[in-house]
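Worksheet: one structure, shown below.
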Amino acid sequence: NSYSKGWVVTDGVTMAPAGSQYRRLSASRIADGIEELIRSVCEPFIGKQNNLTNQNSLRSAIKSKLDTITSTLIESYDFRLVLDRASTKLGVINIDYAIVPIYEIKEIRNKITVSDN
């Protein structure tokens, strides 16, 4: 029960298994947002040639977008483009990525001491 706003939801638990990273609602929402962000960045590259120049441009575009949300939604990230021979033949680029969602505030504790001068 917040002093100024009334009841505030601080712990959004999902139906994911106890050991899952998606147990917290905030982590699940951040992961969905990152997936949507990466898809939107990759959309303009569909239909282009699968050459080194376009792969580097795609890498740079993803890195740029992820850098903009680092320290606001995520603490860190790591990604790589998977470019094996079979995928290249089919015109597919797989993106493996890992993110660390930013910490959330569940409770703020305050201690006040009144003393004589």
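The values are calculated or read from the model by the stated rules, or taken from the named source; none is laboratory data. Remember, predicted model here, so these are calculated numbers, not experimental data. A quick note on method: Cβ atoms are made from the backbone with ideal geometry, for glycine too, and the neighbour counts reach across all protein chains shown. We work out accessible area using only protein heavy atoms, side chains counted, and drop any ligands, DNA or RNA first. Shrake-Rupley method; radii C 1.70, N 1.55, O 1.52, S 1.80 Å.
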Expected field for ASP78, accessible surface area in Å² at 1.4 Å probe radius, rounded to 10, holds 110
Here region 20-28 yields Karplus 3J(HN,Hα) values (6.51, -1.76, 1.60; θ = phi - 60°; whole Hz; Gly and Pro given as x) of 7, 5, 8, 5, 8, 4, 5, 5, 5
Of VAL13, VAL82, ordered by accessible area with the largest first and a 1.4 Å probe, the sequence is VAL13, VAL82
Rounded to two decimals, the Rg over Rh value of region 7-82 from Cα coordinates and the Kirkwood Rh reads 1.09
Between ARG80 and ILE95, the two model label points (7 Å from Cα along the beta-carbon direction) sit apart by a distance in nm of 1.7
Residue span TRP7 to ILE69: 0.36 nm per residue of separation minus Cα-Cα distance leaves a gain in nm of 19.4 nm
Diffing region 70-87: the Karplus 3J(HN,Hα) column from phi (6.51, -1.76, 1.60, θ = phi - 60°), in whole Hz with x for Gly and Pro, holds 5, 6, 10, 10, 10, 7, 7, 8, 8, 8, 8, 8, 8, 10, 8, 4, 5, 5
Which residues qualify? For ILE95, with a placed amide H closer than 5 Å and at least 5 residues away or on another chain, they are VAL82
For region 49-54, in residue order, the Karplus 3J(HN,Hα) values (coefficients 6.51, -1.76, 1.60; θ = phi - 60°; whole Hz; Gly and Pro = x) are 5, 8, 10, 4, 4, 5
